[in-house]
Structures are given as structure tokens and as C-alpha cells.
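Before any comments, here is the structure.
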Amino acid sequence: DAGITQSPRHKVTETGTPVTLRCHQTENHRYMYWYRQDPGHGLRLIHYSYGVKDTDKGEVSDGYSVSRSKTEDFLLTLESATSSQTSVYFCATSGTGETYEQYFGPGTRLTVT
Amino acid sequence: GEDVEQSLFLSVREGDSSVINCTYTDSSSTYLYWYKQEPGAGLQLLTYIFSNMDMKQDQRLTVLLNKKDKHLSLRIADTQTGDSAIYFCAESETGANNLFFGTGTRLTVIP
């Protein structure tokens, strides 16, 4: 398994507060991704990074920002959390192999009250 | 975005074969993947198939790809209770690193 950790694993926060989720990898993978998982929607891409300081938006990026200052760390920030952002958030990484397979972290369950 | 569809639920008896189906719309898909998610865990890559292949077998897993119909299936032989999980298919486009996931199929194995 790729060494991918996420912190925190669980968080409860109030509407309007900022929240930052951290993804850390030890595989030196170039690409990193943030997804959210909601019932009936599968996984939806929020943002991704193709290198240090290089990021781009995914399908559901509104209300989220990301930063990648080091290869191993990819941060997801909810600038002002809303109840619709209650979800399970997964980080993933992939290398530069031709098959593009992604390796996933254990997830962070976020509840916004 | 690309559309990847799966049925939501499948129940099988222990020892039977399971077949999980997936359809996709993107004709430029390069690789197609099957992931497994156990309760409270992240997604684990099970297998993948390149779009110019029809079939791939890996122990109890058989992947069939009908590119003309844009249909992908995962067959699990001799299904065990430990196979109970959510299974996601995903596809990637040529030259891209983004994956598009289906909604997932929850497989329940009845002892």
C-alpha cells in the first residue's frame, strides 16, 4: 500500500468556521487528489495537484481551496464550512506510470453542524 | 463530466459467482479500473484493464470489457463473506491523470 495518511480522521465543526484537512504521502508521487464521497454520488474530484505549487480544480471545487508546498503534503481548506460540506473526504496519489492508478488514504469524516 | 454508471446493490450466496456491471460514456477511455472499499476504509485498487483488451483474469477476479457497448464487468468467483464491500469502477482518459468514478455497487455476501 502507498503510504498515505490523512489527518484528522474525524472532525465536527460549526457552520462558518474554516477547516483544513491534511494529506501526507511517503511515496514521492507527483500527483495528489482530493475527493469527497457522498451517498448516491460515488467519488467526486474536488481539486488535484500535478506538482509542487501546481493545482487545478475538479468537478466540485466551489468552497474549497488547496495548497501544495511540498511533494509529500496536500492541504484541503474549507474557507467557511457549510452543512453541504458534511462528507467523507479522501486523498489519493498517483505516480507517473502509464496506468494512472490512484492510491487512496483512509479518509476523513467531516461533520458540519 | 464523464458518466460512469453502476447498479447500487448486489446480493449473492457464499460460494456463488458475483458479477458487477459498469457502463461508461467516454469513448476515449484508456484504462478502466475496479476498486474495493471496505467499511470505514479508503478505496483499494483491485485490478485494471487497458482499453485494447477484452479480458483480464487475476486469481478469482475476471474483468470483461466490451468497448463497443462501453460495458465493463467484474466477476468474482467463489464469492466469500470477506468480499462484502462497495465496488467502484473508474475510467481515465488518454493522457490524463483524473479518474471518473461510478456510484459504487454494494455487494452483500449471504453465508
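The values are calculated or read from the model by the stated rules, or taken from the named source; none is laboratory data. These numbers were taken from a predicted model, which means no experiment stands behind them. Neighbour counts are summed over all protein chains in view; Cβ atoms, including those assigned to glycine, are modelled from backbone coordinates with ideal geometry. For the accessible areas, the whole protein counts, side chains as well, though only heavy atoms, and no ligand, DNA or RNA atoms are used. Shrake-Rupley method; radii C 1.70, N 1.55, O 1.52, S 1.80 Å.
Which of the trypsin sites (Lys or Arg not before Pro) across region B:36-111 are loop residues per DSSP, with 13 or fewer other Cβ within 10 Å? Display every interim value, and only then the final one.
Values: sites: B:Lys36, B:Lys56, B:Arg60, B:Lys67, B:Lys68, B:Lys70, B:Arg75, B:Arg106; in loops: B:Arg60, B:Lys67, B:Lys68, B:Lys70.
Loop-located and lightly packed - B:Lys68.
Could you calculate the FRET efficiency of B:Met55 with A:Asp56 from 1/(1 + (r/R0)^6), where r is the beta carbon distance between them and R0 is 35 Å, rounded to 0.05? Walk me through the intermediate numbers first.
Working: r = 35 Å, r/R0 = 0.99.
The value I calculate is 0.50.
Considering only protein heavy atoms and a 1.4 Å probe, what is the carbon-and-sulfur percentage of the accessible area of chain B?
48
At 1.4 Å probe size, with no ligands or nucleic acids counted, give the accessible surface of B:Asp78 in Å², nearest ten.
80
Over the protein assembly as shown, what lengths in whole Å, largest first, do the semi-axes of the equivalent ellipsoid take, defined as the square roots of 5 times the eigenvalues of the alpha-carbon gyration tensor? If you can, show how the numbers build up before the last one.
Working: eigenvalues 176, 82, 48 Å².
They are 30, 20, 15 Å, listed from largest to smallest.
Under 23 Å from the Cα of A:Lys11, which lysines turn up, not counting those fewer than eight places away in the same chain?
Qualifying lysines at Cα under 23 Å: none.
Please report the accessible area of A:Val88 (heavy atoms, 1.4 Å probe, ligands and nucleic acids excluded) in Å², nearest 10.
Near enough 30 Å² of accessible area.
Give me the distance between the Cα centres of region B:7-21 and region A:46-113, rounded to whole Å.
32
Please list, or write none, the lysines whose alpha carbon is within less than 18 Å of the alpha carbon of A:Lys70, excluding same-chain residues fewer than 8 places away.
A:Lys53
Viscosity 0.692 mPa s, temperature 37 °C: give me the Stokes-Einstein translational D for chain A in µm²/s, with Rh taken as the Kirkwood radius over C-alpha pairs. The partial results should precede the final answer.
Values: Rh = 13.9 Å.
The diffusion coefficient I find is 236 µm²/s.
Under 16 Å from the Cα of A:Lys57, which aspartates and glutamates turn up, not counting those fewer than eight places away in the same chain?
Straight-distance partners of A:Lys57: A:Glu79, B:Glu2.
Give me the accessible area per residue for the protein assembly as shown, probe 1.4 Å, as a whole number in Å². The partial results should precede the final answer.
On the way: 10630 Å² over 224 residues.
Per-residue value: 47 Å².
Mind grabbing the interface size between A and B? I mean buried accessible area, both sides, 1.4 Å probe, in Å² to the nearest hundred. Don't skip to the answer; put the middle values down first.
Numbers: alone 6160 and 6160 Å², together 10630 Å².
Counting both chains, the buried surface is close to 1700 Å².
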